[in-house]
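Structure, as structure tokens:
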There are 2 protein chains.
Amino acid sequence: MWLTIDLTSDVPIYTQIRNGILTGILSGELTPGESLPSVRQLASDLGINLHTVNKAYGVLKQEGFIQVHRKKGAVINAPEMYRADDGYYARLREQLHPLIAEACCRGVSIDDFTDICGQIYAHYQKEARRNDHE
Amino acid sequence: MWLTIDLTSDVPIYTQIRNGILTGILSGELTPGESLPSVRQLASDLGINLHTVNKAYGVLKQEGFIQVHRKKGAVINAPEMYRADDGYYARLREQLHPLIAEACCRGVSIDDFTDICGQIYAHYQKEARRNDHE
């Protein structure tokens, strides 16, 4: 199972599912055209509510990462369907603002902040290269 | 009023209050030792539930930005009370991981990502300098 959920985390479960699927796409464990488990199956595998999985799939659909086929269910989209656009960049800025306000308050320098970002980027790029799904 | 709330935003209201107070600290509108409005007052000013303000103050207290005096109520802490520590850096990484996983998926380069971070940093540092609260 490529998806693990931490029930003790502050991160909502539907967000954890969404993040797990993004990581799966990045690492090549989930490829374009591949079907995700049905809502019912995933809810049962993870021992969580149907509505939670439904919400996660709804977010992923809205963000362009998956589409929902009548027959095949939820299917991973091709990368060109979710390339960064203006709407995404606006949302990214909105998400970064409070993180950076807090970092500034706590005396973290811009260099330290971008170093941490660089380390996390390197982690995901290594994953992506290891699986060579391009 | 230094705090505005967007009732249509996806960001929970208690998080918006917390972020607004951090921005107030950064810009120098809120100084160490200064009292915040009482929970009742702020809830009334913003037209929201008491529990929402209570939750925001609880988070700020837990994060070290404020303390709660028996008489003075919620008071802004001195900066050394909330300097970045190991716990904070661990939390920051946890918050950045999903953002960066998504950025990687969407084909955003590390340089573009850190450029955006740098712009937001510059915004807050300009605020801080303008008010010269050091």
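Every number in this text was worked out from the coordinates using simple rules, so none of it is lab data. Just so it is clear, the structure is predicted and the values come from calculations on it, not from any experiment. Cβ placement follows ideal geometry from the backbone for every residue including glycine, while neighbour counts extend to all protein chains displayed.
At-a-glance table
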| item | result |
| --- | --- |
| Dipole in debye (nearest 20) - the protein assembly as shown, about Cα centre, beta carbon charges: Lys, Arg +1; Asp, Glu -1 | 960 |
| Per-copy distances of the B:ASP85 label point, shortest first, in nm (7 angstrom along Cα→Cβ) | 4.5 |
| Enclosed volume per residue, in Å³, of the convex hull spanned by Cα atoms of the range A:1-121 | 132 |
| Relative contact order of chain A, pairs being alpha-carbon contacts under 8 Å that are 6 or more residues apart, as % | 26 |
| Sequence of B:THR4, A:THR8, B:THR31, B:THR23 once ranked by neighbouring C-beta atoms within 10 Å, starting from the fewest | A:THR8, B:THR4, B:THR31, B:THR23 |
| Folded to 0 to 90 degrees: helix A:110-131 orientation relative to chain A principal axis, Cα | 30 |
| Cβ-placed point charges (K, R +1; D, E -1), dipole of the range B:32-126 about Cα centre in debye, nearest 20 | 640 |
| In the protein assembly as shown, lysine pairs closer than 21 Å at Cα, eight or more apart or cross-chain | 8 |
| Least to most buried among A:LEU36, A:LEU50 (fewest other Cβ within 10 Å first) | A:LEU50, A:LEU36 |
| Chain A Cβ-axis minimum, rotational copy B, residue and distance in Å | A:THR114, 2 |
| Principal-axis tilt of helix B:13-27 within chain B, Cα atoms, nearest 10 degrees | 90 |
| Nearest-ten-degree value, helix B:50-62 long axis tilted from longest Cα axis of chain B | 70 |
| Added length on full extension, which subtracts the Cα-Cα distance from 0.36 nm per residue, B:GLN125 to B:LYS61 | 20.7 nm |
| For B:ALA122, inter-copy label distances in nm, listed shortest first [label point 7 Å out on the Cα-Cβ vector] | 2.6 |
| Ranked B:ARG70, B:ARG83, criterion: other C-beta atoms within 10 Å, fewest first | B:ARG70, B:ARG83 |
| Selection from B:LEU26, B:ILE13, B:PRO79, by position along the positive dipole direction of the range B:13-81 (Cβ) | B:ILE13 |
| Helix-only [θ]222 nm of chain B, DSSP H runs n ≥ 4, -39500 (n - 2.57) each, per residue, nearest 500 | -19000 deg cm²/dmol |
| Nearest-first distances (nm) between copies at B:PRO12, label 7 Å from Cα via Cβ | 1.0 |
| Principal axis dimensions, largest first and in whole angstrom, of the protein assembly as shown by Cα | 62, 38, 32 |
